[in-house]
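> This is the structure I want to talk about, given as structure tokens.
Laboratory data are not the source of any read-out in this text; all were calculated from the coordinates shown. Just so it is clear, the structure is predicted and the values come from calculations on it, not from any experiment. All Cβ positions, even for glycine, are placed from backbone atoms using ideal geometry, and neighbour counts span all protein chains on display.
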Amino acid sequence: MKLVAAAVPFALVVQSLERPPTVLPVLGSTQLARSLEMADAHAGHAWRDTPPLNDDGTVNAYVEIPRGDRRKWEFDMRTNARLVDRVMPVDVGGYPVNYGFVPQTVSYDGDPFDVLVLGPPLPGGAVVRGVVVGVMFMEDEKGLDSKVVLSTVDRSGHPTHQLTAEDQERIGGYFRRYKRYEPGKFSTVPGWGSADQGRSYVTTTHAFFEQCRHSAGRPCELSH
């Protein structure tokens with residue numbers, strides 16, 4: 001007898017992602033403990049010691065991959081520096097947006113919470129501040145992998161870029177296909193959220209960093 005799974009309506013998938021879950025899975029809590037242990041070797045550490053938020057309300061972003069780069073740079077906790085993990089295939093192309101993470105955060109897969117910074121290429125390894133302009137809801141083989149979207153700011157603190165429908169199509173299309181050559185891996189982008197929702201993801205993943213560091217091996221539910 002062949003069983004066919006019922007399709008989940010698109011609107012319900014997006015609705016389930018709008019509020020960030022307040023439980024960090026075992027994968028996340030265990031990796032957080034490992035990351036903190038590896039960071040201990042450094043008196044100053046880009047992920048552990050850089051605040052996620054500034055007094056003016058902007059969010060800090062560590063740039064791992066400049067826009068257009070086909071090299072998949074990843075921040076290495078042990079060395080406190082970027083290392084090249086792989087090179088994206090030519091037909092997949094370079095990253096369509098500056099890519100990195102928000103310091104002092106841990107996401108549901110155990111990695112720092114991802115950030116996408118709009119605008120021209122930014123230097124790899126730089127820490128930039130930006131205004132939250134949205135969130136890209138995303139899931140992959142490890143589970144929830146949403147990414148906050150930032151715009152850099154001008155001298156008055158105003159965003160220099162808006163998250164347009166064209167940006168959403170270009171960026172979302174890339175992240176839907178960028179794992180096509182990795183066996184056993186997949187990624188879906190069911191939709192986009194508001195700036196308030198993006199900021200909620202930042203504050204939740206920072207709370208995981210603060211509250212879940214001693215929860216390795218078990219889920220960690222945020223206290224209210």
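> Compute the separation of the alpha-carbon centres of segment 147-212 and segment 35-74 and state it in Å as a whole number.
16 Å
> Consider a paramagnetic label point 7 Å from the Cα of Glu221 along Cα→Cβ; state which residues of segment 20-47 have an amide N under 15 Å from it.
21-26
> May I ask you to sort Phe208, Phe75 by Cβ crowding, counting other Cβ atoms within 10 Å and putting the fewest first?
With the fewest neighbours first, Phe208, Phe75 line up as Phe75, Phe208.
> Please arrange Met136, Met38 by counting, for each residue, the other beta carbons lying within 10 Å of its beta carbon, fewest first.
Values: Met136 24, Met38 17.
By the 10 Å Cβ count, ascending: Met38, Met136.
> Just to verify a number: FRET efficiency for Asp40 and Glu169, C-beta to C-beta distance, R0 = 30 Å, to 0.05?
E(calc), rounded to 0.05, equals 0.10.
> Further, regarding this structure: Sticking with the crude label model, points 7 Å out along Cα→Cβ, report the distance from Lys185 to Val87 in nm, one decimal please.
1.7 nm
> For the chain, please report how many Lys pairs fall under 17 Å Cα to Cα, leaving out neighbours fewer than 8 apart on the same chain.
6
> Give me the net charge of Val189's neighbourhood, meaning all other residues with Cβ under 12 Å from the Cβ of Val189; Lys, Arg count +1, Asp, Glu -1.
Net charge in that neighbourhood comes out at +1.
> What is the Cα convex hull volume of the chain when expressed per residue in Å³?
150 Å³
> Next question. Leu122: net charge of surrounding residues, Cβ under 14 Å, Lys/Arg +1, Asp/Glu -1, itself excluded? Before the final figure, lay out each step's value.
Values: positive: Arg67, Arg82, Arg129; negative: Glu64, Asp69.
Within the 14 Å Cβ shell, the charges total +1.
> Packing-wise, with mean Cβ within 10 Å as the measure, how do 212-218, 103-109, 87-93 rank, highest first?
103-109, 212-218, 87-93
> Starting from the Cα of His158, step 7 Å along the direction of its Cβ; do the same at Asp56; then give the gap between the two resulting points in nm.
Those two pseudo-labels are separated by 1.4 nm.
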